[in-house]
1. Only residues that are surrounded by fewer than 20 Cβ atoms within 10 Å (Cβ to Cβ) and closer than 22 Å to residue 87 by Cα: list them for the range 156-175, please.
2. When the range 176-196 is examined, which residues are found to be over 20 Å from the mean Cα position of the chain (by Cα) and loosely packed, with under 12 Cβ neighbours inside 10 Å?
3. For residue 121, state whether it is over 17 Å from the mean Cα position of the chain (by Cα) and either in contact (Cβ under 8 Å) with a residue 40 or more places away in the chain or farther than 14 Å from residue 86 by Cα (or both).
4. With touching a helix residue (DSSP H, G or I) at 6+ places or on another chain (Cβ under 8 Å) and either assigned to a helix (DSSP H, G or I) or more than 28 Å from residue 182 (Cβ to Cβ) (or both) as the only criterion, which of 73, 52, 120 stands out?
5. So how many residues does the range 20-49 have that are touching a helix residue (DSSP H, G or I) at 6+ places or on another chain (Cβ under 8 Å) and either part of a helix (DSSP H, G or I) or closer than 30 Å to residue 210 by Cβ (or both)?
6. May I ask you to verify whether residue 107 is within 28 Å of residue 74 (Cα to Cα), free of Cβ contacts under 8 Å to residues at least 40 places away in the same chain and assigned to a helix (DSSP H, G or I)?
7. For residue 67, work out the one condition from (1) assigned to a strand (DSSP E or B); (2) under 30 Å from residue 170 (Cβ atoms) it doesn't fulfil.
8. In the range 143-183, which residue that is touching a helix residue (DSSP H, G or I) at 6+ places or on another chain (Cβ under 6 Å) and outside any strand (DSSP E or B) is nearest to residue 209 (Cα to Cα)?
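The values are calculated or read from the model by the stated rules, or taken from the named source; none is laboratory data. In this text the structure is predicted, and so the values were computed from the model without any measurement. In this analysis, Cβ positions are derived from the backbone assuming ideal geometry, glycine residues included, and neighbour counts consider all displayed protein chains.
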């Protein structure tokens with residue numbers, strides 16, 4: 001690798017990380033940070049080393065993942081991956097770590113997604129390469145522009161069929177199920193606060209209430 005440089009936050013970055021392939025090499029190397037969110041989006045590095053905000057990010061992600069994991073166990077759609085799984089797509093010039101992702105069995109079988117193995121450990125995989133069927137992003141203050149402007153464009157270029165975008169920072173939850181259309185993502189059908197997922201064939205609603213400590217508790221409700 002090229003000589004190392006330092007950014008203002010003290011994160012050590014290889015000087016030659018200017019292409020997707022070089023970013024992928026760095027991401028699979030021992031020198032890649034184990035914590036934080038580092039993305040390569042259309043030629044730019046996006047680095048967020050801040051910890052999760054608990055009320056409007058961590059809890060939101062947890063509630064959605066709990067429900068979708070349970071449904072996936074029941075319906076056997078495919079393989080579910082939590083925050084931390086690297087997703088890369090050459091057509092979109094993208095490498096990022098979404099809040100969650102799902103790859104359906106038929107997508108894996110078709111070759112649209114390939115799981116890249118570790119070089120040093122048999123049976124372990126370190127990268128989801130291609131086009132997952134579903135991605136989740138919960139907006140935080142530190143990732144607002146990336147989550148709401150840059151990633152939707154990149155996910156659309158990557159051909160991701162369904163992208164859930166959630167912003168719980170305001171007085172009301174902004175929960176969007178975005179469906180891939182030829183020109184851009186469009187919001188799916190809504191009905192009395194419920195949002196339809198064409199991918200899963202179900203309706204979803206994200207709700208919250210204050211718990212006994214006056215902090216938020218979230219729940220993703222579902223109906224057929």
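1. 156, 157, 159, 161
2. 182, 183, 191, 192
3. So residue 121 passes the test.
4. Numbers: 73 fails: touching a helix residue (DSSP H, G or I) at 6+ places or on another chain (Cβ under 8 Å); 120 fails: touching a helix residue (DSSP H, G or I) at 6+ places or on another chain (Cβ under 8 Å).
Result of the check over 73, 52, 120: 52.
5. Selection size over the range 20-49: 2.
6. For residue 107, the condition - within 28 Å of residue 74 (Cα to Cα), free of Cβ contacts under 8 Å to residues at least 40 places away in the same chain and assigned to a helix (DSSP H, G or I) - is met.
7. (1)
8. Residue satisfying both the conditions and the ranking: 168.
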